[in-house]
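Visitor: Have a look at this one.
The values are calculated or read from the model by the stated rules, or taken from the named source; none is laboratory data. None of these values were measured; they are calculated from a predicted model. A quick note on method: Cβ atoms are made from the backbone with ideal geometry, for glycine too, and the neighbour counts reach across all protein chains shown. All accessible areas refer to the heavy atoms of the entire protein, side chains included, with ligands and DNA or RNA removed. Shrake-Rupley method; radii C 1.70, N 1.55, O 1.52, S 1.80 Å.
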Amino acid sequence: MARVVVDVMLKPEILDPQGQAVQRALPRLGFDGITDVRQGKRFELELEGPVDEAALARIREAAESFLANTVIEDFTVRVEAEGEK
Amino acid sequence: MARVVVDVMLKPEILDPQGQAVQRALPRLGFDGITDVRQGKRFELELEGPVDEAALARIREAAESFLANTVIEDFTVRVEAEGEK
Amino acid sequence: MTIRVGVVTFPGSLDDHDARRAVRIAGAEPIALWHKDKNLQQVDAVVLPGGFSYGDYLRCGAISRFSPVMESVIEQAQAGLPVLGICNGFQILCESHLLPGALTRNDHLHFICRDQKLRIENTSTAWTSDFEPGQEITVPLKNGEGGFVADERTLDMLEAEGRVIARYLDLNPNGSRRDIAGISNAAGNVVGLMPHPEHAVEPLTGPTTEGLPFFTSILKRLVNA
Amino acid sequence: MSLDTVKNALEHPDVEQPFAELGLKPDEYTRIREILGRRPTSSELAMYSVMWSEHCSYKSSKVHLRQFGDKMPENDAMLVGIGENAGVVDVGQGYAVTFKVESHNHPSYVEPYQGAATGIGGIVRDILAMGARPVAVMDPLRFGAAEHPDTRRVLPGVVAGIGGYGNCLGLPNIGGEIVFDPCYQGNPLVNALCVGVMKHEDIHLAQASGAGNLVILYGARTGGDGIGGVSVLASETFDADGPAKRPAVQVGDPFQEKLLIECTLELFREHLVAGIQDLGGAGLSCATSELASAGSGGMRVELDTVPLRDHTLSPEEILMSESQERMCAVVEPAHVARFMEICDKWDVIATVVGEVTEGDRLEIFWHGEQIVDVPPRTVAHEGPVYERPYARPQWQDTLQADAAERLPRPGTADELKAALLDLVASPNLADKSWVTDQYDRYVLGNTVLAQPEDSGMVRIDEETGLGVALATDGNGRFCKLDPYTGAQLALAEAYRNVATTGARPLAVTDCLNFGSPEDPAVMWQFAETTRGLADACQVLGTPVTGGNVSFYNQTGETAIHPTPVVGVLGVIDDVERRTPVGFAEEGQIILLLGD
Ligand SMILES: Nc1ncnc2c1ncn2[C@@H]1O[C@H](COP(=O)(O)OP(=O)(O)O)[C@@H](O)[C@H]1O
């Protein structure tokens, strides 16, 4: 069993109201020095078989066509290293 | 300027309807061999100053008290390595 | 004497006007409270209304819980001030840890608006004393994140202490654990409820008027106090 | 790279300009040069190109829409007519109501959720800009075949977007339509209606008058949203690296819009606003030129004061940006401080970006250099007008000859049963609660009728029970068979739906969804539709107070069915006396009216 993580973030040029709301709230809560916040999604996929290039290619395809909306979002796919949380 | 990433995931014992919906849809779209999917949030925070221990401690505090609801969610904080996307 | 019930307006509150109307129809005086204001104007009770405060962007209620008004609400609720949180208000109460558990995304992932049947399970709280024990009512429900969750121990504790104040009947609209629609704190002065009793106070605009006792309960309690 | 200033345009008159890429025809470009007596600067070119687009200028539809004014029935209720952001009618007891239906078809096909969401956001700001509190929305929708895979992509996103935005704004959804027809497969119709209420004295207009008054931009920061088209200009003004990516898609922020509504209503309440305009399509180009054009003076704008979300934007792009959730107000200097206080109370960013001037020019500056100097009317109100050729298509006869009488009829009980089951199961007739359950119909506590009723109804005065009813209808198949009669049938149906609630139909709004106006057959459908609607409005005594035209709804060469969506507004003196559909109790007598 292996874990693959897909991170999906709004493209930088797209308005991110969620991230902005968090950013505006942080100084009010006493957390300063944070100049920008973007909020995105994180998917953790557990794979049955080995994470070889073929498996990763399929996950990239799933991310492209389904997990992310590439009209407004970018994504990255990576294998989570053993023991990483 | 440095980027700190906060990942927030539902605790394993809490039902994750979004992750489940994704998991159910994947085989229908022809993506097999994925035994579990969890969906969480990813925050990218841009810091003004250096990311030293003090800065990280403050971000951990913000995650604990604000970015995550620790009744149902776990979080991790990490500095994004140079050039990582 | 007139009973004064404060209704807080957060940025993004939507049902604040409706909550004030319900308070008025119940015979009390509604007082508008502003999120930036710590002063609760000596109200006798507080309603945290429904809506999408701060857009519900981080988590529902997560940002509002840190507003100045909540400092006072939290402090006074702990001292016994009756507080009712409806929908977004319930979410704010959980985020504030005045109530246990959390409200999560509906299990079907959609926003849902429907006339919902409930059973009132506890009539000894500040906000439910005007109901008959076991009374079944229908009031509107509308939310996208209304699934109540808590760990098993907390759920057992809520059941054992009679703190589940309302349960969904016929259909569980959002995947709430144990069909929970509303709960109270241990003292019974703080109540959180996912459905919207303030939309069931007039025959013309609501499915029933069976939401009204939530607002008349508080009157009786305060008058008798 | 270099800024194209007015001075530069004079000194370098022969620069070749990408007017065609911006959608301007050669003669339109020539006319701009005539108006200005020189070549336009790139900022001016940007402004003219968006404002003279079909969408903003109504250049193909204007000559036909005039009938709504020419044939307007006598009607005392009309307070503000066609031409403003939305029409306003008197509903008695000192109240006025404003309502309008608009399209957001193309954006909703590209990005269903955000396209539909920003469609709601846009129409709500139109209503707000009239001085009214928005009180309800409706959403007439048309999709391709229910079982088509792309409908699965488009429909859930559209419905979630309408719900996501409308629910978060706190506006009850009191009705709409969902129609499936293969003709909408590559071009769904997402129309959105909003209705707002105000007192007569609160009506506000989009005009900038009074030299010395300040122009305040407030709401969201300006980003690169929806400026795909102008990137041609940007690529000329940017250095070798080229411009940063510009999104073609706008993202809505309903929370920001809710703040904008409450903030604006408080500004109105304190009488701080002399003129106001929402920023919709064409953004600042539209708001500044329309305000200046409708007012008595000119306007001077310092464009570099506009708060930005993206600091790489060029002045041309700032002028064209369609970033959502912004408004532009004209304010007397004495009121500016209080104006800013109220914006601050609602956490709304507000910035003085310019002032009303004595002259009659719209002048825009960028870090002190003049980049625009135009007569505003030529941008906003005196754009090109076309008498497009139109002709009844030859296939119309064949189509009409293929009459319903030729279809087989169910003969036996079994066939009847099967026909009935088919009807009941058809997506167009089946229960719609799977959609309407995703919309909040209770918020604000004044919804008297909503789904499954044929009209929505909201109370506008809690003391007296005064209320309004609204219905929208449209049938593209009828209109394809006969656009003149089809439009009238749509009006008649909406009119009946309102009347049967007990309300008195008062006024009409319409969204005219058609194919390309450059196709004479489509133009004929359009001409027939407007003629039919104007004639019927005259007969029924209900004026058209405003609406929207959406052309170029087609896939390749194939146009959608001509689809006018007609909204009727009625007034009821006491909502207690409304008549819901359905049998109320046993023993009631059933009557059939009409034949
Ligand atoms: N897109 C929509 N948004 C909101 N309400 C809708 C929508 N589509 C249908 N409705 C509502 O659902 C109900 C049933 O719609 P429909 O089946 O089209 O009714 P009818 O055929 O009687 O016009 C009506 O109250 C209508 O206003």
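Visitor: Give me the accessible area of C:Ile3, 1.4 Å probe, in Å² rounded to the nearest 10.
Guide: C:Ile3 has an accessible surface of roughly 10 Å² with all protein chains in place.
Visitor: Which whole-number value in Å³ per residue fits the convex hull of the alpha carbons of the range C:4-224?
Guide: Values: hull volume 23.2 nm³, N = 221.
Convex hull volume per residue, Cα atoms: 105 Å³.
Visitor: What does the C-alpha gyration tensor say about the overall shape of the range D:298-378? Classify as rounded when a/c is under 1.5, otherwise prolate if a/b is larger than b/c, or oblate. Don't skip to the answer; put the middle values down first.
Guide: Numbers: a/c = 2.05, a/b = 1.21, b/c = 1.69.
In terms of gyration-tensor shape, oblate.
Visitor: Something else now. Quick query: amide H of C:Ala32 versus all other amide H atoms, modeled in the peptide plane; which residues come in under 5 Å with a sequence gap of 5 or more or a different chain?
Guide: C:Val7
Visitor: Further question: Find the relative contact order for the range D:451-568 and round it to a whole percent, using C-alpha pairs within less than 8 Å whose residues are 6+ positions apart. Mind showing how you got there, number by number?
Guide: On the way: 234 pairs, mean separation 42.1, N = 118.
Taking the mean separation of contacting Cα pairs over the length of the range D:451-568, I get 36 percent.
Visitor: What whole-number value in Å² describes the accessible area per residue of the range D:55-184 for a 1.4 Å probe? Present the calculation step by step, with values, prior to reporting the outcome.
Guide: Numbers: 3880 Å² over 130 residues.
Ligands and nucleic acids excluded, the result is 30 Å² per residue.
Visitor: Calculate how steeply helix D:520-540 sits against the longest principal axis of the alpha-carbon atoms of chain D, using the helix alpha-carbon long axis, and give the answer as 0 to 90 degrees to the nearest 10.
Guide: That works out to roughly 70 degrees.
Visitor: Can you order the peptides C:21-30, D:485-494 by their average number of other Cβ atoms within 10 Å per residue, highest first?
Guide: Values: C:21-30: 20.5, D:485-494: 23.7.
So the order, starting with the most tightly packed, is D:485-494, C:21-30.
Visitor: For chain B, what class follows from the C-alpha gyration tensor (a ≥ b ≥ c being the square roots of its eigenvalues): rounded when a/c is under 1.5, otherwise prolate if a/b is larger than b/c, else oblate? If you can, show how the numbers build up before the last one.
Guide: Details: a/c = 3.84, a/b = 1.81, b/c = 2.13.
Here chain B falls in the oblate category.
Visitor: With the cut-off at 1.5 for a/c, could you classify the protein assembly as shown from its C-alpha gyration tensor as rounded, prolate or oblate?
Guide: Details: a/c = 1.39, a/b = 1.17, b/c = 1.19.
Rounded.
Visitor: For A:Arg60, place a label point 7 Å from Cα along the Cα-to-Cβ direction in every copy; what are the distances to the other copies, in nm, shortest first?
Guide: Listed shortest first, these distances are 3.6 nm.
Visitor: What distance in nm lies between label points placed 7 Å from Cα along the C-beta direction at B:Glu80 and A:Glu61?
Guide: 2.8
Visitor: Would you work out which of C:Gly6, C:Pro100, C:Cys113 lies farthest towards the positive end of the dipole of the range C:4-224, given +1 charges on the beta-carbon of Lys and Arg and -1 on that of Asp and Glu, about the Cα centre?
Guide: C:Gly6
Visitor: Given a 1.4 angstrom probe, what's the average accessible area per residue across chain B, in square angstrom? Don't skip to the answer; put the middle values down first.
Guide: Values: 4040 Å² over 85 residues.
Per residue, chain B has an accessible area of 48 Å².
Visitor: Using a Förster radius of 25 Å, what is the FRET efficiency between D:Asp76 and D:Ser209 based on their Cβ-Cβ separation? Nearest 0.05, please. Kindly include the intermediate steps, with their values, before the conclusion.
Guide: Details: r = 27 Å, r/R0 = 1.10.
The calculated FRET efficiency here is 0.35.
Visitor: Right, something else. What accessible surface, in Å², does a 1.4 Å probe find on D:Cys194, ignoring ligands, DNA and RNA and rounding to the nearest 10?
Guide: 0
Visitor: Largest first, how would C:Glu202, D:Glu270, D:Glu317 line up by accessible area (1.4 Å probe)?
Guide: Ranked from most to least accessible, the order is D:Glu270, C:Glu202, D:Glu317.
Visitor: Give me a single rounded figure for C:47-56: the average over its residues of other chain Cβ atoms within 10 Å of their Cβ. Don't jump to the answer; show the numbers that get you there.
Guide: Values: counts 0, 0, 0, 4, 6, 8, 2, 7, 12, 4.
For this peptide, the per-residue mean of nearby foreign Cβ atoms is 4.
Visitor: Order these peptides, D:361-367, D:42-48, C:5-11, D:215-221, by their mean beta-carbon neighbour count within 10 angstrom, highest first. Please list the in-between numbers first.
Guide: Numbers: D:361-367: 20.9, D:42-48: 28.3, C:5-11: 26.1, D:215-221: 24.3.
Answer by packing, highest mean first, reads D:42-48, C:5-11, D:215-221, D:361-367.
Visitor: Let me ask something else. Could you work out the helix-only [θ] at 222 nm for the protein assembly as shown, with each DSSP H run of four or more residues adding -39,500 (n - 2.57) and the total divided by the number of residues, to the nearest 500 deg cm²/dmol?
Guide: The helix contribution divided over the protein assembly as shown gives -9000 deg cm²/dmol.
Visitor: Something else: When Cβ neighbours within 10 Å are restricted to other protein chains, what is their mean count per residue of peptide C:11-21? Write down the numbers at each step before the final one.
Guide: Values: counts 11, 10, 3, 9, 6, 1, 5, 6, 1, 1, 4.
Counting Cβ atoms of other protein chains within 10 Å of each residue's Cβ and averaging gives 5.
Visitor: Moving on. What list of ³J(HN,Hα) values in whole Hz, one per residue of the range C:9-26 in order, does the Karplus curve 6.51 cos²θ - 1.76 cosθ + 1.60 (θ = phi - 60°) give from phi, with Gly and Pro shown as x?
Guide: 9, 9, x, x, 5, 10, 9, 5, 4, 5, 5, 5, 4, 4, 4, 5, 4, 6
Visitor: Shifting gears a bit: Please list D:Glu463, D:Glu576 from largest to smallest accessible area, probe radius 1.4 Å, with all protein chains kept in place. Could the numbers behind the result be given before it?
Guide: Working: D:Glu463 170, D:Glu576 120 Å².
These residues rank, largest area first, as D:Glu463, D:Glu576.
Visitor: Per residue of the range B:38-44, in order, report the coupling 6.51 cos²θ - 1.76 cosθ + 1.60 (Karplus, θ = phi - 60°) as ³J(HN,Hα) in whole Hz, putting x for Gly and Pro.
Guide: 10, 10, x, 10, 10, 10, 10
Visitor: What does the charge count around D:Phe365 come to, taking other residues whose C-beta lies under 9 Å from its C-beta (Lys +1, Arg +1, Asp -1, Glu -1)? Show your work: numbers first, answer last.
Guide: Details: positive: D:Arg300; negative: D:Glu302, D:Asp304, D:Glu363, D:Glu369.
Result for the local shell: -3.
Visitor: Additional query: Say R0 is 35 Å: what FRET efficiency, to the nearest 0.05, do D:Asp14 and B:Glu46 get from their beta-carbon distance?
Guide: 0.15
Visitor: Considering only protein heavy atoms and a probe of 1.4 Å, how much of the accessible area of the protein assembly as shown is carbon and sulfur, as a whole percent? Don't skip to the answer; put the middle values down first.
Guide: On the way: 19750 of 38650 Å².
Carbon and sulfur: 51 percent of the exposed surface of the protein assembly as shown.
Visitor: At a Förster distance of 35 Å, what's the computed FRET efficiency of A:Asp36 paired with D:Arg577, Cβ-Cβ distance as r, to 0.05? Intermediate values should be presented prior to the final figure.
Guide: Numbers: r = 56 Å, r/R0 = 1.60.
E between A:Asp36 and D:Arg577, to the nearest 0.05, is 0.05.
Visitor: Going by amide H atoms built from the backbone, whose H comes under 5 Å of the H on C:Gln135, apart from near neighbours?
Guide: Residues meeting the criterion, in which the H sits 1.01 Å from N, are C:Ile120.
Visitor: Let me ask something else about it. Within 10 Å of each Cβ of D:428-438, how many other protein chain Cβ atoms are there on average? Before the final figure, lay out each step's value.
Guide: Numbers: counts 0, 0, 0, 0, 0, 2, 1, 0, 2, 7, 6.
Mean partner shielding for this stretch: 2.
Visitor: May I pose another question? How large is ³J(HN,Hα), in whole Hz, for each residue of the range D:17-26 in order, when computed from phi with the Karplus curve 6.51 cos²θ - 1.76 cosθ + 1.60 and θ = phi - 60°, using x for Gly and Pro?
Guide: Each residue of the range D:17-26 in turn: 10, x, 5, 5, 4, 8, x, 8, 7, x Hz.
Visitor: Pull up all non-local amide H partners of D:Ile178: gap of 5 or more, or a different chain, and H-to-H distance under 5 Å with H placed in the peptide plane.
Guide: D:Leu141
Visitor: With axes computed from alpha carbons, what is the tilt in degrees of helix D:42-51 against the longest principal axis of chain D, rounded to the nearest 10 within 0 to 90?
Guide: Roughly 20 degrees, rounded to the nearest 10.
Visitor: Report the residues of the range D:460-504 in range of a label on D:Leu407: point 7 Å along Cα→C-beta, backbone N strictly under 12 Å from it.
Guide: Backbone N within reach: D:478.
Visitor: A follow-up question, please. Going by average Cβ density within 10 Å per residue, which order do the peptides C:49-62, D:303-316, A:46-59, D:519-532 take, highest to lowest?
Guide: Details: C:49-62: 26.6, D:303-316: 18.6, A:46-59: 14.1, D:519-532: 22.1.
Taking the mean over residues of other Cβ atoms within 10 Å, the ranking is C:49-62, D:519-532, D:303-316, A:46-59.
Visitor: For D:His12, D:His271, D:His148, C:His35, write out the residues from largest to smallest accessible area, computed with a 1.4 angstrom probe and no ligands counted.
Guide: Correct descending sequence by accessible area is D:His271, D:His12, D:His148, C:His35.
Visitor: Separate question: Quick one: of A:Lys11/D:Lys7; D:Lys71/D:Lys100; D:Lys100/D:Lys258, which pairs are farther than 26 Å apart, Cα to Cα?
Guide: Cα-Cα > 26 Å for A:Lys11/D:Lys7; rest within.
Visitor: Under a plain spin-label model, where a point goes 7 Å from the Cα along Cα-to-Cβ, how far apart in nm are D:Ala146 and C:Ala187?
Guide: 5.5
Visitor: To confirm my reading of the symmetry, which residue of chain A has the Cβ nearest the axis that brings A onto B, and what whole-Å distance does it have?
Guide: Spelled out, residue of A and its Cβ distance from the axis onto B: A:Arg42, 2.
Visitor: Round to the nearest 10 and give me the degree value, 0 to 90, for the angle of helix B:17-28's Cα axis relative to the longest principal axis of chain B.
Guide: The helix B:17-28 is inclined about 50 degrees to chain B.
Visitor: Could you state the principal axis extents of the C-alpha atoms in chain D, from the largest down, to the nearest angstrom?
Guide: 84, 58, 43
Visitor: A further question follows. Lys/Arg Cβ at +1, Asp/Glu Cβ at -1, dipole of the protein assembly as shown taken about the Cα centre: which of D:Ile178, D:Gly224, C:Val201 is farthest positive-ward?
Guide: Most positive-ward Cα: C:Val201.
Visitor: A further question follows. Can you spot the aspartates and glutamates whose alpha carbon is less than 15 Å from C:Lys38's alpha carbon? Ignore those fewer than 8 places along the same chain.
Guide: C:Glu71, C:Glu75
Visitor: Note down the nm distance, to one decimal, between modelled labels 7 Å out along Cα→Cβ at D:Asn428 and at C:Lys220.
Guide: 5.5
Visitor: Can you give me the solvent accessible area of D:Trp395 with a 1.4 Å probe, rounded to the nearest 10 Å²?
Guide: Accessible area, nearest 10 Å²: 110 Å².
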